[in-house]
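Student: Can you read through this structure? Questions will come right after.
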Amino acid sequence: MTWLSDLPELLPVFPLPGALMLPRARLPLHIFEPRYLAMLDDALKSDTRLIGMIQPCPTPDSEKPRLHCIGCAGRVTQFSETEDGRYMITLSGISRFRVIEEVEGFQPYRRCRVSWDGFDRDRAGAEADDGFDRPGFMKLLERYFEAQELSVDWPTLTDADDELLINSLSMLLDLTPEDRQALLEAPSLCTRRETLVTLIEYALRGGEEDLIQ
């Protein structure tokens, strides 16, 4: 469990379109831009080693796109340096946060003043989903992967607990940034699962319509 008092008010943020970080999940990242190398260096020097993953809003004409209100912080738990100075890191999801304001400074990366209020569930241990029809969900997944012509490690999926299964699929499936943001903002594991089912069913209906045409 991570205590609210341990979480910083000021957080470095990494606006990366399409990248989804969720509590208790792991996100591998390849860091090579100078500004994000500086961010990583500063994060590793801090007590918490936290980096906030957040989606930029779709404003392609802007050099500094507006940020979504909600992101998720991850702790740097693994990192390795390549010979040419790049880093491969792993973030372990700690808690979602809400952006209060962006803070200007001399750092080359973006920082935000954040609130952790309202996300106590993220820091309280693994969530359960009592209404989860797992056999029905796995059948839906099988249809989806067949339609997408994707090979899947079914034993790993079958063995994963409910939270790991739902969160991993939310992070790994081919979804739009806005769909990923909806999954991030889902207030509970049950809501996230329901949202994911809706997105998969929508993709399947779209595929069937394409076949008919």
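The values are calculated or read from the model by the stated rules, or taken from the named source; none is laboratory data. Since we're looking at a predicted model, the values are computed, not measured. Quick reminder, even Gly has a Cβ in these numbers, built from the backbone with ideal geometry, and neighbours come from all protein chains shown.
Student: Residues to consider are PRO12, PRO17; find the one that is assigned to a strand (DSSP E or B), farther than 25 Å from GLU127 by Cβ and in contact (Cβ under 8 Å) with a residue 24 or more places away in the chain.
Tutor: Numbers: PRO17 fails: assigned to a strand (DSSP E or B).
When all the criteria are applied, what remains is PRO12.
Student: Of the residues in segment 18-48, how many are under 12 Å from VAL76 (Cα atoms) and charged (D, E, K, R)?
Tutor: Selection size over segment 18-48: 5.
Student: Can you tell me which residue among GLY125, GLY71, GLY105 is at pLDDT below 90 and in contact with a strand residue (DSSP E or B) (Cβ under 8 Å, 6 or more places away or on another chain)?
Tutor: On the way: GLY125 fails: in contact with a strand residue (DSSP E or B) (Cβ under 8 Å, 6 or more places away or on another chain); GLY71 fails: at pLDDT below 90.
On inspection, the qualifying residue turns out to be GLY105.
Student: Does ARG134 satisfy the criteria of being out of contact with any strand residue (DSSP E or B) (no Cβ under 7 Å at 6 or more places or on another chain) and farther than 20 Å from PRO28 by Cα?
Tutor: On the way: out of contact with any strand residue (DSSP E or B) (no Cβ under 7 Å at 6 or more places or on another chain): yes; farther than 20 Å from PRO28 by Cα: yes.
Against the criterion (out of contact with any strand residue (DSSP E or B) (no Cβ under 7 Å at 6 or more places or on another chain) and farther than 20 Å from PRO28 by Cα), ARG134 qualifies.
Student: Another question about this same structure. Just to be sure I understand the filter: pairs with C-beta atoms under 6 Å, separated by 6 or more residues or on different chains, first member in segment 196-209 and under 22 Å from PHE132 (Cβ atoms), second member polar (S, T, N, Q) and at pLDDT 90 or above. Which pairs pass?
Tutor: Sorted first by the residue in segment 196-209, then by its partner, the pairs are LEU196/SER170.
Student: Please find, within segment 20-41, the residue that is farthest from ASP122 (Cα to Cα) out of those that are touching a residue at least 40 places away in the same chain (Cβ under 8 Å) and part of a loop (DSSP other than H, G, I, E, B). Give the derivation first.
Tutor: In the first step, residues of segment 20-41 are kept if they are touching a residue at least 40 places away in the same chain (Cβ under 8 Å); the result is 20-32, 34-40.
Now restrict to residues that are part of a loop (DSSP other than H, G, I, E, B): 20-25, 32.
Details: LEU20: 15, MET21: 12, LEU22: 9, PRO23: 6, ARG24: 8, ALA25: 11, PHE32: 30 Å.
The extreme case among them is PHE32.
Student: Filter segment 177-194 for residues that are more than 15 Å from the chain's Cα centre (by Cα) and without any contact (Cβ under 8 Å) to a residue 40 or more places away in the chain and give the result.
Tutor: If the condition is that a residue be more than 15 Å from the chain's Cα centre (by Cα) and without any contact (Cβ under 8 Å) to a residue 40 or more places away in the chain, then THR191, GLU194 are the ones that fit.
Student: Quick check: anything in segment 183-196 modelled with pLDDT of 95 or more, in a loop (DSSP other than H, G, I, E, B) and more than 29 Å from ARG35 (Cα to Cα)?
Tutor: Looking through segment 183-196, at least one residue is modelled with pLDDT of 95 or more, in a loop (DSSP other than H, G, I, E, B) and more than 29 Å from ARG35 (Cα to Cα).
Student: Is it true that some residue in segment 120-139 is touching a Pro at 6+ places or on another chain (Cβ under 7 Å) and of a type in the set (Phe, Trp, Tyr)?
Tutor: First, the residues of segment 120-139 that are touching a Pro at 6+ places or on another chain (Cβ under 7 Å): 122.
Still in the list and also of a type in the set (Phe, Trp, Tyr): none.
No, segment 120-139 contains no residue that is touching a Pro at 6+ places or on another chain (Cβ under 7 Å) and of a type in the set (Phe, Trp, Tyr).
Student: Exactly one of these conditions fails for ALA73: (1) in contact with a helix residue (DSSP H, G or I) (Cβ under 8 Å, 6 or more places away or on another chain); (2) of a type outside the set (S, T, N, Q); (3) closer than 17 Å to ARG123 by Cβ. Give me its number.
Tutor: Only one criterion is unmet by ALA73, namely (1).
Student: Then there is this: Go over the candidates GLY52, GLY18 one by one and state the one that is within 18 Å of the chain's Cα centre (by Cα) and over 15 Å from GLU102 (Cα atoms).
Tutor: Values: GLY52 fails: over 15 Å from GLU102 (Cα atoms).
None of the others qualify; the one that does is GLY18.
Student: Determine which single condition ASP47 fails, assuming it passes every other condition in (1) surrounded by fewer than 12 Cβ atoms within 10 Å (Cβ to Cβ); (2) under 14 Å from the mean Cα position of the chain (by Cα); (3) part of a loop (DSSP other than H, G, I, E, B).
Tutor: Against the list (1) surrounded by fewer than 12 Cβ atoms within 10 Å (Cβ to Cβ); (2) under 14 Å from the mean Cα position of the chain (by Cα); (3) part of a loop (DSSP other than H, G, I, E, B), ASP47 comes up short only on (2).
Student: Could you tell me which numbered condition MET138 fails, if it satisfies all but one of (1) modelled with pLDDT of 95 or more; (2) over 21 Å from GLY71 (Cβ atoms)?
Tutor: Failing condition for MET138: (1).
Student: Of all the helices (runs of 4 or more DSSP H) wholly in segment 68-176, which have at least 3 residues that are surrounded by 13 or more Cβ atoms within 10 Å (Cβ to Cβ), in contact (Cβ under 8 Å) with a residue 40 or more places away in the chain and not hydroxyl-bearing (Ser, Thr, Tyr)? Walk me through it before giving the result.
Tutor: Values: elements: 134-148, 154-159, 162-172.
Those helices (runs of 4 or more DSSP H) span 134-148, 162-172.
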